[in-house]
Amino acid sequence: MLLISGLLLVTAATRAQQGDRFRVATLNVDGLPQKMIVFNINADGPGSAGTVRIGKYLLQRGYDLMFFQEDFNYHDELKVLLEDSYTFDEHSGAVGLDLPGKKIDFLHAQNERFDCDGLGACWKNGITAGTPERTAWNKTFGKFSHANDELVTKGYRRYDLTLTDGTPLTVYNMHMDAGDTPDEAELKDGKDREARLAEWQQLRDDVIAHLGSHPILVVGDMNSFYYRDPVKAEFIDAIAASGKGTAYDVFVELGLKGEYPAPQEGYQSVEEGNLLNGETLDKIIYINPTEGIKLKAVAYSLDTEGYRRDGKALGDHFPLVATFEVMKRDDSKITAVEGVAPETAAPDYYNLQGEHVAQPAKGVMIEHDGRQARKRLVK
């Protein structure tokens, strides 16, 4: 009985320490329509057939949580292969001049804005969620130029999820203000940077307001590089300064050993898939509360090879993926004694003087360092 009780104690401690793992993916699926009536809008985008291939790719990968940006006109194609295994967030709608019930005031086109945000998410069946909260950015820039951000209602969505092991998790998914490459190259993107700064500050304030006793994930297409935007100062450091939690970028933590890229002046060319020196415009940031359940990033990847067809990326950006482990206790060593198994107890004996001597019973000591349990015999 002692042995059984001890084993249960150690098993419970190990589970509480190591927790469960889950994988998160964020990707811009480039879902703008290829054409509007007779106008070419996104002719080189994946379109209907390409979006089905994106859904097939995601089904094969089997990520636990997936968050999308630019999920506009091909939502049905994206979900058709996934909907039996995943629960989907509400779709906010498509972009188009010929949408049913949509009337465009062409005389005052500057006032037109599609209500859709292009944000979407799905999670494996068994994970549960409350009603997502949708928030528009307070500051944006660019209606018929500068990447046309104000033609749609960009912002973020906040999800309160419960993982299959019962862990509560809040996730923010977003799409921030973009800029055109020519404007950036000529350093004419100041208004875009101002809009992104305001969006990071708005996001930061909402995150801090909702930071309690469980972790938060911040994912999405931020259109931000650390060298170009003050993300570290305005978001990462500001959360730490609040005293309520600590924020980590998985790319910086695991790929750069915690060293954030230094801000730089001037334009730096970006490679295919919106990459710069291994950093992408997409981010996965996790925030652990000062007290309570915490996450630990154990792996990240950027799929620059598997996410292709005919040599071309399936979507606008390559999928950014992170694997997390839930740490429901701190990382201090847990030590427990299983107890004494009858078969390991040595028999009594008599010494040369005829005195009765009882052998010290042997037990098993469990040392747990937060990753694995180790056994050693003790007397």
Test result for Tyr267, over 24 Å from Gly118 (Cα atoms), aromatic (Phe, Trp, Tyr) and surrounded by fewer than 17 Cβ atoms within 10 Å (Cβ to Cβ): yes
Out of Ala322, Ala262, sole residue that is assigned to a loop (DSSP other than H, G, I, E, B) and of a type in the set (A, V, I, L, M): Ala262
Matching residues, region 294-313, being within 18 Å of Asp71 (Cβ to Cβ) and modelled with pLDDT of 95 or more: Tyr307
Residue list for region 198-257, restricted to those being among the acidic types (Asp, Glu), closer than 17 Å to Phe324 by Cβ and part of a helix (DSSP H, G or I): Glu253
Segments classed as helices (runs of 4 or more DSSP H), wholly inside region 1-89, with at least 3 members that are at pLDDT 95 or above and open to solvent by 70 Å² or more (accessible area, probe 1.4 Å): 47-61
Test set (1) under 25 Å from Pro33 (Cβ atoms); (2) touching a residue at least 40 places away in the same chain (Cβ under 8 Å) - Lys124 fails condition number: (1)
Any hit, region 284-293, residues being small (Gly, Ala, Ser) and free of Cβ contacts under 8 Å to residues at least 60 places away in the same chain: no
Meets criteria (surrounded by fewer than 21 Cβ atoms within 10 Å (Cβ to Cβ) and of a type in the set (Val, Ile, Thr)) for Thr246: yes
Residue match in region 183-206 (condition: touching a strand residue (DSSP E or B) at 6+ places or on another chain (Cβ under 6 Å), modelled with pLDDT of 95 or more and of a type outside the set (A, V, I, L, M, F, W, C)): no
Per-region count, region 159-196, residues among the charged types (D, E, K, R), without any contact (Cβ under 8 Å) to a residue 60 or more places away in the chain and either open to solvent by less than 50 Å² (accessible area, probe 1.4 Å) or within 16 Å of Tyr286 (Cα to Cα) (or both): 6
Check on Ile287, modelled with pLDDT of 95 or more and part of a strand (DSSP E or B): yes
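The values are calculated or read from the model by the stated rules, or taken from the named source; none is laboratory data. Worth saying up front: this structure is predicted, and the values here are computed from it rather than measured. Every residue, glycine among them, receives a Cβ derived from its backbone with ideal geometry; neighbour counts consider all protein chains shown. Accessible surface areas use protein heavy atoms only, side chains included; no ligands, DNA or RNA. Shrake-Rupley method; radii C 1.70, N 1.55, O 1.52, S 1.80 Å.
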